[in-house]
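Input: a single structure, listed below in structure tokens.
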Amino acid sequence: MDWADERLRETRQRLPLADLHGSFSGLTTTQVALAYAEGGLAVQVLLDLIGGVGVTTLLTDLSEGVDFNAAFERHALMSYSEFQVRWRELAPSPLIDPR
């Protein structure tokens, strides 16, 4: 995820993870790049937390119509809101130019 890390370090701007659930068509070019970076890192954090099997079973539940928040909490053992806080803590901070 080097590209995503670099992209998130380039800007202080962050999109709420909930904004990544739908189409990116209403976003600017800059926001689309940021959305892909954030989404990729969010998936990596989720994989680190619940593993590939956990992600697979989460996706299976979603494909079967299980409510997103219920399925997420069932597999991640935390609410989606808690995950968002954890993701923010783990996401790369912007690099600050000391000049």
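Do the conditions hold for residue 58, that is, is it at pLDDT 90 or above and either of a type in the set (Ser, Thr, Tyr) or part of a helix (DSSP H, G or I) (or both)? Against the criterion (at pLDDT 90 or above and either of a type in the set (Ser, Thr, Tyr) or part of a helix (DSSP H, G or I) (or both)), residue 58 qualifies.
Only a single criterion out of (1) assigned to a loop (DSSP other than H, G, I, E, B); (2) surrounded by 14 or more Cβ atoms within 10 Å (Cβ to Cβ) is not satisfied by residue 42, namely (1). If you go through region 46-58 and pick out every residue that is within 23 Å of residue 4 (Cα to Cα) and surrounded by fewer than 16 Cβ atoms within 10 Å (Cβ to Cβ), you end up with 5. The residues of region 59-90 that are of a type in the set (D, E, K, R), more than 24 Å from residue 8 (Cα to Cα) and either touching a Gly at 6+ places or on another chain (Cβ under 8 Å) or surrounded by fewer than 16 Cβ atoms within 10 Å (Cβ to Cβ) (or both), listed by number, are 64, 67, 74.
The values are calculated or read from the model by the stated rules, or taken from the named source; none is laboratory data. Keep in mind the model is a prediction, meaning the values are calculated, not measured. Cβ: placed from backbone, ideal geometry, glycine included. Neighbour counts: every protein chain shown.
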